[in-house]
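A quick write-up on the structure given underneath.
What follows draws every value from the coordinates through simple rules; no lab data is involved. Keep in mind it's a predicted model, so treat the numbers as computed, not measured. FYI the Cβ positions are ideal-geometry reconstructions off the backbone, even for glycines, and counts take in every protein chain you see.
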Amino acid sequence: MVNSDIHITHEDYGNAGRYLASVTGIEGQAELTWRKDGPGIIVADHTYAPIAMRGSGVSMALVRRLIEDARSREMLIVPACSYVRLQFDRHPEWADLRADG
């Protein structure tokens, strides 16, 4: 089930940051964290969704937001997190953003 009531915010601390997602009617927040790894490269290093949010599409929404932001900022992504890596493998249209080839 994909939930259309997902709200995502982005916190950028300069050399690192995170995306936070909330789902209407579900307590808690999901997150995707990243850090810079040189000019034009970010490492997506962790994704977490509370048990109550799993199956809502929240983790995929976080990855899609990461992809959108990387495209608009002309950044490459190292998918160090296993979930992000899996989504890169499933979405060949994102290959141009993958820093680890």
Relative contact order of the chain, please, whole-number percent, based on alpha carbon pairs below 8 angstrom and at least 6 residues apart. 22
Two pseudo-spin positions, 7 Å from Cα along C-beta at D5 and at L86, lie apart in nanometres by 2.6
Heads up, the range 1-54 by the C-alpha gyration tensor (a ≥ b ≥ c square roots of eigenvalues; a/c under 1.5 rounded, else a/b over b/c prolate, else oblate) looks prolate
Gyration tensor (Cα) of the range 6-97, equivalent ellipsoid semi-axes in angstrom: 22, 15, 11
Exactly which chymotrypsin sites (Phe, Trp or Tyr not before Pro) in the range 1-56 are in a DSSP loop and have at most 13 other Cβ atoms within 10 Å? Y13
Between the helical axis of 58-73 and the dominant principal axis of the chain, each derived from Cα atoms, what acute angle in degrees is found, rounded to the nearest 10? 30
